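Accompanying notes for the structure given below.
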Amino acid sequence: MNYVDGFRRLEAADHFRSALADHGHKLAHWGRKIHLMEVCGSHTMAIARFGIRDFLPANVRLISGPGCPVCVTVPGYIDAAIELAVQGKIVVTFGDMLRVPGSRTSLEQARAEGGRIETGYSPAHALELARQHPGTEVVFLGVGFETTIAPIMAMLDGGIRKGITNFSLLTAFKRVPPALSALIADPEIQIDGFLCPAHVSAIIGSDAYRPFAETHGVACVVAGFEPLDILYGLHGLTQQLVENHRRVDNQYNRVVKPGGNRQAQGILERYLEPADTSWRGLGTIPDSGMELRPEYQRFDARHRFGITVPPGRPNPRCLCGEVLKGKIDPVQCPLFGVVCHPDQPLGPCMVSSEGSCAAAFKYTSGAIP
Ligand code: SF4
């Protein structure tokens, strides 16, 4: 970035700060706080890192949503993955799952006790391991939203084409729109606007949010991850509220199309079908997950090895469920920074690089207004 770019960005940031203050002033007659939810964990991190909350007027509160895939994965899933490792399978996972507590222990601890648990940087890494170890079953932990599901399905497609058969998925796939519907339906949660996730929207398209705006009256803006993208998105949300015209604004149209990525949608549809699934903190939400279609169940570790994935037992003192619904800020958890911190996390929200508690601890020392 050169000096001219830097000044332009500062100018733009200043413009958004004063425009947001103006919107806050115009919305003061509501007589209550306005609640905007950033759905995506990457937004949560960027908001904390760049001090975006400092730009908001006092009557606008930014709350974090359930868009951190690691955070919403139930402890029973970790238990099932550990069981597979104990059975002698090679379990491959993205690194941020390693320290997430299951009902009793974590994958990291299970690895220290001898379980064959490998960290993979892409789904292709798991497929390569399966190719290198033809006599051993390799299970990839498929955790994520639509953005992550697409490359995992592309990897499965590649494995099938190459005739690799010692390979399966333990899925905890989640779909964003049903989770947003569940949040809107919860009478204890007030949401005036969604800052919609950028990467997920690249797959599902901005039109996917239209029911939230048109039927439920929730303002929606798709925004990118740069600080100015986020400020622009928050400005767009408050503008919709000032104009009393709820709609879906796509402010990340350099990446996101109204209909999304048809090729990615095609591969999801070919291999997967919607299924009810459990979310940490949100419970079971109808059609909010995706499971392999019956004709591909041989690649589903549950069916292949006859295991179940119960919800499991989260640490009863951890309030991640409340944090994920935006009911409390991380600092309101009595354990925050006292006995729960990134070196010794009690819940997934403190483990994940996209977790609200980790973001608050790392960038704001918990000082969320
Ligand atoms: S601070 Fe720790 S214990 Fe509290 S909600 Fe966050 S992760 Fe759970």
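The values are calculated or read from the model by the stated rules, or taken from the named source; none is laboratory data. Because the structure is a prediction, the values reported are computed rather than measured. Because the Cβ atoms are built from the backbone with ideal geometry, glycine has one as well, and the counts that use them run over all protein chains shown. Ligands, DNA and RNA are stripped out before the accessible areas are found, and what is left, the full protein with its side chains, is counted by its heavy atoms. Shrake-Rupley method; radii C 1.70, N 1.55, O 1.52, S 1.80 Å.
Is it the case that residue 27 is buried (at least 17 other Cβ atoms within 10 Å of the Cβ), farther than 25 Å from residue 323 by Cβ and in contact with a helix residue (DSSP H, G or I) (Cβ under 7 Å, 6 or more places away or on another chain)? Spelling it out, residue 27 is indeed buried (at least 17 other Cβ atoms within 10 Å of the Cβ), farther than 25 Å from residue 323 by Cβ and in contact with a helix residue (DSSP H, G or I) (Cβ under 7 Å, 6 or more places away or on another chain).
Residue under question is residue 355, and the condition is that it be within 11 Å of the ligand (Cβ to nearest atom) and either touching a Pro at 6+ places or on another chain (Cβ under 8 Å) or open to solvent by 40 Å² or more (accessible area, probe 1.4 Å) (or both); does it hold? Yes; evaluated as a whole, the condition is true for this residue. One residue stands out among those in segment 296-334 that are modelled with pLDDT under 90 and at positive phi: the one that is nearest to the ligand (Cβ to nearest atom), which is 326. Of the residues in segment 142-161, none is surrounded by fewer than 21 Cβ atoms within 10 Å (Cβ to Cβ), in contact (Cβ under 8 Å) with a residue 24 or more places away in the chain and assigned to a loop (DSSP other than H, G, I, E, B). For segment 335-352, filtering for residues that are near the ligand (Cβ under 6 Å from one of its atoms) and free of Cβ contacts under 8 Å to residues at least 40 places away in the same chain leaves 4.
Of all residues in segment 288-339, those satisfying the criterion of being over 23 Å from the mean Cα position of the chain (by Cα) and open to solvent by 70 Å² or more (accessible area, probe 1.4 Å) are 294, 295, 298, 303, 304, 308, 334, 338. Number of residues in segment 90-120 that are within 19 Å of residue 73 (Cα to Cα) and either open to solvent by 60 Å² or more (accessible area, probe 1.4 Å) or of a type in the set (Phe, Trp, Tyr) (or both): the value is 5.
Only residues that are in contact with a strand residue (DSSP E or B) (Cβ under 6 Å, 6 or more places away or on another chain), surrounded by fewer than 24 Cβ atoms within 10 Å (Cβ to Cβ) and assigned to a loop (DSSP other than H, G, I, E, B) were counted across segment 180-197, and they come to 3.
Residue 364 passes every criterion in (1) closer than 18 Å to residue 78 by Cα; (2) open to solvent by less than 70 Å² (accessible area, probe 1.4 Å) apart from (1). Here the condition is being open to solvent by less than 30 Å² (accessible area, probe 1.4 Å) and either part of a loop (DSSP other than H, G, I, E, B) or closer than 21 Å to residue 275 by Cα (or both); of 81, 48, it holds for 81 alone.
Could you say whether any residue in segment 263-283 is open to solvent by 70 Å² or more (accessible area, probe 1.4 Å), among the hydroxyl-bearing types (Ser, Thr, Tyr) and at pLDDT below 95? No, segment 263-283 contains no residue that is open to solvent by 70 Å² or more (accessible area, probe 1.4 Å), among the hydroxyl-bearing types (Ser, Thr, Tyr) and at pLDDT below 95.
Of everything in segment 168-204, what is aliphatic (A, V, I, L, M), in contact with a Leu (Cβ under 7 Å, 6 or more places away or on another chain), within 18 Å of residue 246 (Cβ to Cβ) and at pLDDT 95 or above? Give them in sequence order. Passing the criteria: 191, 195.
Would you call residue 93 among the polar types (S, T, N, Q) and in contact (Cβ under 8 Å) with a residue 40 or more places away in the chain?
On the way: among the polar types (S, T, N, Q): yes; in contact (Cβ under 8 Å) with a residue 40 or more places away in the chain: yes.
Yes; evaluated as a whole, the condition is true for this residue.
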